[in-house]
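Worksheet: one structure, shown below.
Computed from the coordinates by the stated procedures, all read-outs in this text should not be read as laboratory data. Quantities reported herein were computed from a predicted structural model and do not represent experimental measurements. For neighbour counting, all protein chains shown are included, and Cβ atoms are generated from backbone atoms with ideal geometry for every residue, glycine included.
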Amino acid sequence: MAVRRLDPVLVDRIAAGEVVERPASAVKELVENALDAGAQRIEIVLEGGGRRLIRVVDDGAGMSPDDLGLAVERHATSKLPDGDLFNIATLGFRGEALPSIGAVARLSIATRGEGAPHGSAILVDAGLKHPVKPCALDRGTRVEVADLFFATPARLKFLRSDRAEAQAVADVVKRLAMAHPQVRFALAGEGAPSLDYPTPPGEGGPRLAARLGQVLGRDFVANCIAIDAEREEVGIAGFAGLPTFHQATAGSVHLFVNGRPVRDKLLIGAVKAAYADVVPHGRHPAVALFVSCPGRAVDVNVHPGKSEVRFREPGLVRGLVVGALKQALAEAGHRASNTVSARTLDALRPGGSGRSFPAFQAARPLAWDWRASPNAPDSPPGPGLAEIAQSAFAALAAPSADARADAAPEPDSVAAPLGAARAQLHETYIVSQTRDGIVIVDQHAAHERLVYERLKRERAASGVARQILLIPVVVDLDPVEADRLVDRAGLLAGLGLVVEPFGPGAVAVSEVPAALAGGDVAGLVRDLAESFAEWGGALSLEDRLDHVLATFACHHSVRAGRRLKPEEMNALLREMEATPFSGQCNHGRPTYVELKLADIERLFGRK
């Protein structure tokens, strides 16, 4: 078959598939154009999820009639004044968005620049460009995209429902709103969630925090840490959620480069690495990070949708992100998110419904038969009501606490963030009293994190201190597991655990880390052997070392079921307050729950 040159209109329609995949792609391009024009207010209206109509109105700089005629031509743009593709200072730059949209839909643009006597309008119908005409319009630009993909019907089959497409548009608007808190955004229309993000007052961090609260909700702002770091002209700012404020999907990770929302593998990997020690497996942190760098330090022209970037020095950027996040999380110390307490309070309410006690009473069925109750009095001559009441409290006569601090707590201890220990329940949970509430601590989870952080500090400083065992501990294993453990004897020795082969399918442990003296050595070795079988080649050396130390810490921690003295409980609380990441254990679970007195009173209907 002979080679032939394709029709220009067909070429435009093929190229449009790279830029305009769905209505959300078109909205993204049009809103970015409005932002580049200096708009302070952008309104988006949808019909049919954007399939029938997309209208974007802004109050930006507008265009002259000559510029409007060129704007719908292929590879025509005002965003590369010197033609330098390696120094992009705008959000849009390819010069393909408007002609690509016009090739597959009915595109109409009305615009008016500052000082112009009237507006100008143009229509592009399935690639057919009409002449520019005068129109009535205030300063700014109005773009309408009608009947998207009517010129390429095959693409309509790949669109989802109107509601799903409208939700995708809402996600685009949310990300752009986070990146540009100085601009007001509004979204409305059929099937679309109604969004209105007014410009928050203030500047810098406070304004950004307010915008993130508008988009991501108050819980995010209440449970995040400010990030601000810079290295060699590369800066990182934004907010990172506390480790216990983890989410179910990676959609909670919001990344921006020079004001451009991106889904960059390098940055996502850096965020995961920073949270690897503190977020449970299968969960994801909540972050909104903004990377700023010179235009020549990043290539934003590597993806048609501009969702990916390539840094000139990726190692520098990754190291900055990981270091800034880890430092901020460490400075947060023992702090845990308030959602942990909220979940606890909801679980304590009757039925876990989140209702107060009076509401629970109102919800009691009207046709209640007291004789069907398990606590109904016996038939005569059973006990009277007074005896019934006494028997109900008989179970409370025995002490529910394993250890109780009878002496009045020290005022300084009560004023501490985690309060003064008052009791140990079921030899597992420490209950402490604060100035305005109580704290419940899981002693094993808390001590596990403390031991882990202590071992990491020792390794970083001068190596983990060892202690020689008087009698080596011999551990029987599967021969394959024993060989796997012996192969990594050098790595373990560097962490204070000396392992040697002891015949077929057995190893002998002659030295252990000093911090783990008295621990379950055999159980530790068996767990390490199982962990080594799952490693594969994906983990870095640093991750492997941390994994081994975490296993060490888990086996040496104060176990559930061990009774603690009041001074031991208080010492644990004070060490938690001074130790980074102590709000969650090595597996990412919270180590304590704090309940405010006002919340407890509401549980009992006192407020």
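By how many nm would the segment from Arg4 to Ala248 grow when fully extended, if each residue of separation counts as 0.36 nm and the alpha-carbon distance is taken off? Intermediate values should be presented prior to the final figure.
On the way: separation 244, 0.36 × 244 = 87.84 nm, distance 5.15 nm.
My answer for the length gained is 82.7 nm.
How much length would be gained if the chain were fully extended between Arg457 and Glu308, taking 0.36 nm per residue of separation minus their Cα-Cα distance, in nm to one decimal? Provide the component values of the computation, followed by the final result.
Values: separation 149, 0.36 × 149 = 53.64 nm, distance 3.68 nm.
The Arg457-Glu308 span can extend by a further 50.0 nm.
Arrange the peptides 498-505, 287-294 so that the one whose residues have, on average, the most other Cβ atoms within 10 Å appears first. Kindly include the intermediate steps, with their values, before the conclusion.
On the way: 498-505: 14.9, 287-294: 20.6.
Descending packing order for the listed peptides: 287-294, 498-505.
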Consider a paramagnetic label point 7 Å from the Cα of Arg589 along Cα→Cβ; state which residues of the stretch 271-289 have an amide N under 20 Å from it.
-> 276-285
In nm, the gap between the two label points placed 7 Å beyond Cα toward Cβ at Phe86 and Arg563 is 7.4
For Thr199 and Asp171, what is the calculated FRET efficiency with R₀ set at 25 Å and r taken between the beta-carbons, to the nearest 0.05?
-> 0.75
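Quick check on packing: order 469-479, 133-143, 27-37 by the mean number of other C-beta atoms within 10 Å, highest mean leading.
27-37, 133-143, 469-479
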In the stretch 178-195, which residues have a backbone nitrogen under 17 Å from the label point lying 7 Å from Arg160's Cα in the Cα-to-Cβ direction?
-> 191-194
Expected unfolding gain across Ala465-Leu128 under the 0.36 nm per residue rule, minus the alpha-carbon gap, is 113.6 nm
How high is the FRET efficiency from Asp299 to Leu70, r the C-beta distance, R0 25 Å, rounded to 0.05?
-> 0.45
Amide H contacts under 5 Å for Gly241, restricted to residues at least 5 apart in sequence or on another chain and with H modeled in the peptide plane, are Ile225, Ala286, Val287, Ala288
Rounded FRET efficiency, nearest 0.05, which uses the C-beta distance separating Asp228 from Val414 and R0 of 35 Å | 0.55
